[in-house]
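For reference, the structure discussed in these notes is given below.
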């Protein structure tokens, strides 16, 4: 049990570090670690418990709460929050001072993730390839709808209504369990990055409360849909996830401004270090994924052996 908790804490910390960066998703990290299906199952169980509680069905609530893998999910969430608290300033400084090299690192991480995720489809066919390409192109083009830098996007909307905070929270939280795009970048696309950031800075608890409510509702609804999709159409959903990761390369392309722009430019500096960093990151992801998945299988086997019969 302690081993499971510590592994989950480390995985959550890594996911939190990824979620800080626009264009990199904690869902990608969950795929790398081989815990994606397990994460979706626990989130779905939690949302089902919440639904039964709202309806006053205490028996159903207890039943669904018992299905949540608490030893896995609580340390995971704790690690995620810890990473956001500790690393936000560090990553922000690195993204500002070493934009090209940091973006190259993320390109390598996502490229390696695509290789790892591809192996989750036992037999790739033409339909899977079509889904991957279609989703990748759609996301690639969508990311180009907002040009300029994050700072430009901050001023896109002024004084939005409370319902806009609710909608932004419901949509952005989906990035927590979807690889390929982060919640912060979804807020940029919606023009809500600045208002949400301003609400945090100004301690606008009303707007923040509505935003958090939106994240709860969005996560509850989307986790149900995604869980059913994975159960019924696993390989097609995984193909779509690969497309999301491939399409996100637009915001991760190192030139000209790293992850702070969706504008695509020709390589014009630090080319060799960027290539080396991306290659090393890709190989590292593949190696870490294989080790992590072995640990996950061993952990599940150990948990199963320890359960009373």
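The values are calculated or read from the model by the stated rules, or taken from the named source; none is laboratory data. Everything quoted here is computed from the prediction, not taken from an experiment. Every residue, glycine as well, gets a Cβ built from its backbone with ideal geometry; the counts of neighbours run over all protein chains shown.
Points worth noting:
- Here residue 195 fulfils each of the conditions (1) outside any loop (DSSP other than H, G, I, E, B); (2) buried (at least 20 other Cβ atoms within 10 Å of the Cβ); (3) in contact with a helix residue (DSSP H, G or I) (Cβ under 6 Å, 6 or more places away or on another chain); (4) in contact (Cβ under 8 Å) with a residue 24 or more places away in the chain apart from (3).
- Considering the range 16-113, the qualifying helices (runs of 4 or more DSSP H), each wholly inside and each with 3 or more residues that are touching a residue at least 12 places away in the same chain (Cβ under 8 Å), surrounded by 18 or more Cβ atoms within 10 Å (Cβ to Cβ) and in contact with a helix residue (DSSP H, G or I) (Cβ under 6 Å, 6 or more places away or on another chain), run over 26-33, 36-54, 70-97.
- Subset of the range 114-134 (residues that are outside any helix (DSSP H, G or I) and either on the phi > 0 side of the Ramachandran plot or at pLDDT below 85 (or both)): 119, 120
- No other residue among 256, 267 is modelled with pLDDT of 85 or more, surrounded by fewer than 19 Cβ atoms within 10 Å (Cβ to Cβ) and within 26 Å of residue 108 (Cβ to Cβ) apart from 267.
- Selected residue [under 22 Å from residue 118 (Cα atoms) and at pLDDT 85 or above] from 232, 295, 244, 226: 232
Here is a yes/no grid of residues against (1) modelled with pLDDT of 85 or more; (2) buried (at least 17 other Cβ atoms within 10 Å of the Cβ); (3) touching a strand residue (DSSP E or B) at 6+ places or on another chain (Cβ under 6 Å); (4) not in a loop (DSSP other than H, G, I, E, B):
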position: 160; (1), (2), (3), (4): no, yes, no, no
position: 179; (1), (2), (3), (4): no, yes, no, no
position: 206; (1), (2), (3), (4): yes, no, no, yes
position: 211; (1), (2), (3), (4): yes, yes, no, yes
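- Of all residues in the range 234-278, those that are in a helix (DSSP H, G or I) and without any contact (Cβ under 8 Å) to a residue 60 or more places away in the chain total 5.
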